[in-house]
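The values are calculated or read from the model by the stated rules, or taken from the named source; none is laboratory data. Values in this document were obtained by computation on a predicted structure and should not be read as measured data. When we count neighbours, we look across all protein chains shown, and the Cβ atoms used for this are built from the backbone with ideal geometry, even at glycine. Only protein heavy atoms, including side chains, enter the accessible area calculation; ligands, DNA and RNA are left aside. Shrake-Rupley method; radii C 1.70, N 1.55, O 1.52, S 1.80 Å.
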Amino acid sequence: MTIAFIDLAAQQARLRDDIDNRLAAILDHGGYIMGGEVYQLEEALAKRIGRKHAISCSSGTDALILGLLGLGVKLGDGVIVPSFTFAASVEAIAVLGAIPVFAEVEACSFNLDPSRIADALAAGVAAGVNMVGMLVVDLFGQPARLDELSAFAEAKGLWLLDDAAQSFGASWKGLDVCRYGRVSATSFFPAKPLGCYGDGGALFTDDDQLAEIAISCRVHGQGRDKYENKYIGMTARLDTMQAAILLSKLTIFDDELVRRQQVAMRYQDRLGNVVAVPRLSESATSSWAQYVIKLPEGVDRDDVHIRLKNKGIPTAIYYPRPMHIQAPYSHYPITIGGLEVTDMLADRVLALPMHPYLDDATQEVIVEGLKSVL
Ligand SMILES: *Cc1c(COP(=O)(O)O)cnc(C)c1O
């Protein structure tokens, strides 16, 4: 028996006829770029999230870059960001010539620690950087403390951009995560909670000017017509075919969120006294993009990974190396007080198989396998 880390085939079997029909309709109408399905998706997303603008684009990374362009980020501007995240969160800042300033995260949620955020701001200021904003990440689907972080940003005159690439569908204090911040960004990479069959992403905002810049920059900074260029932009549209696939997947997304929550609860019941399992704040719901445990101190993680693999149980390590030690990013400022929790997490985290179609019996094999290896 081979166990899937993420089972996209089970989901496809459920939707295959609908997807085939939607793709056939596009082959018939031929609107491959910005076809009607793209606008239909944007409307559905804006309605679901409850924000004025939902702007689709070519990836989660491009959603972050378009968001930063919309916020007016300039060369040398400083942006607070966690080091314990996927590269794109930091890359989007650095590729625009802005300066990531690394902040510390909480061991329990993997997300920015509000009690340490002032230390990061102080580090940026001490380095002579003009601090303009905070890029917050909801890692593994679990929301950051978005209300506290928003309050801090507001008090300090900073904007907040929420990187919800992994947390589409999650909520904090009853509000969808994509409702927080001046702008939020998500990814539709196939393995994300809502994924297409290629690359895709979206950003959400209530700010008309920000939306105008992002929509323009998605097509070369286009102005009144194709050949007026108002901004320096890029090619960052979502394909019509990917929009159609997302429209299909949206019809079962809420059901999938319920299933993911059930899978997470079963892991918690069976592993809660064996390893450190993720515990959600009472204010949070998670989209469970990943189920990440922390192994006990001193356990050889690579050995656990290999032994489980030999039993047919796939695991993954997100992320073995934090961003502040990676070559292209190692010269950027680090928070006052250092990144001890970040370094600890990078050494101890292990992601278990997680998807909406993980059944009880298979999960039991994973749980027993992990227990026996430990
Ligand atoms: C996946 C991811 C991104 C980038 O999304 P892509 O669609 O792969 O470009 C950004 N931030 C985080 C936290 C991610 O997990």
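Taken over the range 131-145, the residue count meeting the criterion of being within 15 Å of the ligand (Cβ to nearest atom) and in contact with an Asp or Glu (Cβ under 8 Å, 6 or more places away or on another chain) is 5. Counting only residues that are among the aliphatic types (A, V, I, L, M) and farther than 19 Å from Ile117 by Cα, the range 134-163 holds 0 of them. Scanning the range 72-108 for residues being buried (at least 24 other Cβ atoms within 10 Å of the Cβ), under 17 Å from Ile317 (Cα atoms) and either more than 16 Å from the ligand (Cβ to nearest atom) or not hydrophobic (A, V, I, L, M, F, W, C) (or both) gives a total of 2.
The lone criterion from (1) in a helix (DSSP H, G or I); (2) within 15 Å of the ligand (Cβ to nearest atom); (3) open to solvent by less than 30 Å² (accessible area, probe 1.4 Å); (4) in contact with a Phe, Trp or Tyr (Cβ under 9 Å, 6 or more places away or on another chain) left unmet by Leu66 is number (4). State yes or no: is Thr205 over 23 Å from Pro356 (Cβ atoms), of a type in the set (Ser, Thr, Tyr) and either open to solvent by less than 30 Å² (accessible area, probe 1.4 Å) or more than 16 Å from the ligand (Cβ to nearest atom) (or both)? Considered against the rule, which asks whether it is over 23 Å from Pro356 (Cβ atoms), of a type in the set (Ser, Thr, Tyr) and either open to solvent by less than 30 Å² (accessible area, probe 1.4 Å) or more than 16 Å from the ligand (Cβ to nearest atom) (or both), Thr205 comes out as yes. Here Val263 meets the list (1) open to solvent by less than 30 Å² (accessible area, probe 1.4 Å); (2) away from the ligand (no atom under 16 Å from the Cβ); (3) assigned to a loop (DSSP other than H, G, I, E, B); (4) not charged (D, E, K, R) almost entirely, failing just condition (3). Within the range 42-63, restricting attention to residues that are of a type in the set (Gly, Ala, Ser) and either buried (at least 24 other Cβ atoms within 10 Å of the Cβ) or away from the ligand (no atom under 12 Å from the Cβ) (or both), the residue that is nearest to Ala191 (Cα to Cα) is Gly60.
For Ala9, the conditions (1) open to solvent by 10 Å² or more (accessible area, probe 1.4 Å); (2) within 16 Å of the ligand (Cβ to nearest atom) are fulfilled apart from (2).
Hey, among Cys217, Cys196, which residue is closer than 30 Å to Gly30 by Cβ, more than 15 Å from the ligand (Cβ to nearest atom) and surrounded by 21 or more Cβ atoms within 10 Å (Cβ to Cβ)? Going through Cys217, Cys196 in turn, the sole match is Cys217. Exactly one residue out of Gly337, Gly298, Gly312 is of a type outside the set (D, E, K, R), open to solvent by 40 Å² or more (accessible area, probe 1.4 Å), in a loop (DSSP other than H, G, I, E, B) and farther than 22 Å from Pro114 by Cα: that is Gly298.
Can you tell me which residue is farthest from Arg260 (Cα to Cα) among those in the range 170-193 that are within 11 Å of the ligand (Cβ to nearest atom) and not β-branched (Val, Ile, Thr)? Looking at residues that are within 11 Å of the ligand (Cβ to nearest atom) and not β-branched (Val, Ile, Thr), I get Ala185. A single entry from Ile317, Ile306, Ile313, Ile334 fulfils the requirement of being in contact (Cβ under 8 Å) with a residue 24 or more places away in the chain and either within 18 Å of Glu368 (Cβ to Cβ) or small (Gly, Ala, Ser) (or both): Ile313.
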